[in-house]
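Q: Below: one structure in structure tokens.
The values are calculated or read from the model by the stated rules, or taken from the named source; none is laboratory data. Note that the coordinates shown come from a computational prediction; the quantities given were computed from them, not determined experimentally. Here the Cβ positions follow ideal geometry from the backbone for every residue, glycine too, while neighbour counts run over all protein chains shown.
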Amino acid sequence: MDGVASAGATPVLLKIEGLTQNVDSLVDEASKADAIISGSPTYMGDVSAPLKAFFEASSKARVTLGWKDKVAGSFTNGLTVGGNKDNTLGSMIVLAMQHGMIWVGTGLPPGNFAGNSMAAPEAVNRMSYSLGAVTQSDNAAPDVTPPAGDKETARLYGAHAAKVAARLKACPVLAGDASHTAIARPSPIDCSAARPILTAFSPSSSETSTAPPSRTTRLKPMCWK
């Protein structure tokens, strides 16, 4: 949530309380957003049952392509370092692809890129995941776990997803305007123009480029304002 807000977007938390909750209204709320970031603890190597119920309820949005071309992302947390968290992310990716969404990974280098000593709890992306944010927490209060590096990983991921959503919204060619045929490297943009970034999750879970524009040939660069 903090990462999304730091990028100038508006985060909205959709809290899934349990299996008895009617999540239809949450699906409707998600349909209003530019991005949907799903989160769940990893239980038995997959997403939790409440989040799965939300996914199944989203089938009504699939029929109308209501989530098509929205940004999608995911995060998961678990007690162990492993625990088949990649399968949890995979379930979220499949759901996003069924909706025709645009998946955004972490955009972060591996936390152990310079060797295992860099994969300490304070390291960003210490689990070295690219598909989504993956964290590990002990059986303790949330003010002491997950460690600082995992929390920063989640914050950076939220900011990254918000910036991508804003760029897509600001670009005519990516928004379906056929009159444009090329894009240039992005310059700094105002992410506040994007609609809310939604986080759908099960509560059981414990830079903008400033490089010079790239070349285009006989095509006028546009968007990325």
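Here's the yes/no breakdown for (1) part of a loop (DSSP other than H, G, I, E, B); (2) within 15 Å of the chain's Cα centre (by Cα); (3) not aromatic (Phe, Trp, Tyr):
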| residue | (1), (2), (3) |
| --- | --- |
| Gly66 | yes, no, yes |
| Gly73 | no, yes, yes |
| Val94 | no, yes, yes |
| Gly105 | yes, yes, yes |
| Leu108 | yes, yes, yes |
| Asn112 | yes, no, yes |
| Ala123 | yes, no, yes |
| Thr135 | no, yes, yes |
| Asp138 | yes, no, yes |
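Q: Here is a list: Asp46, Asp34, Asp86. Which entry is closer than 26 Å to Gly8 by Cβ and among the charged types (D, E, K, R)? It would help to see each step written out before you state the result.
A: On the way: Asp46 fails: closer than 26 Å to Gly8 by Cβ; Asp86 fails: closer than 26 Å to Gly8 by Cβ.
So the residue among Asp46, Asp34, Asp86 that is closer than 26 Å to Gly8 by Cβ and among the charged types (D, E, K, R) is Asp34.
Q: Quick test for you: out of Ser59, Ser38, pick the one residue that is at pLDDT 95 or above and more than 23 Å from Val164 (Cβ to Cβ).
A: Numbers: Ser38 fails: more than 23 Å from Val164 (Cβ to Cβ).
It is Ser59.
Q: Considering each residue of segment 4-39, count those that are farther than 19 Å from Gln98 by Cα and in a strand (DSSP E or B), and give that number.
A: 5
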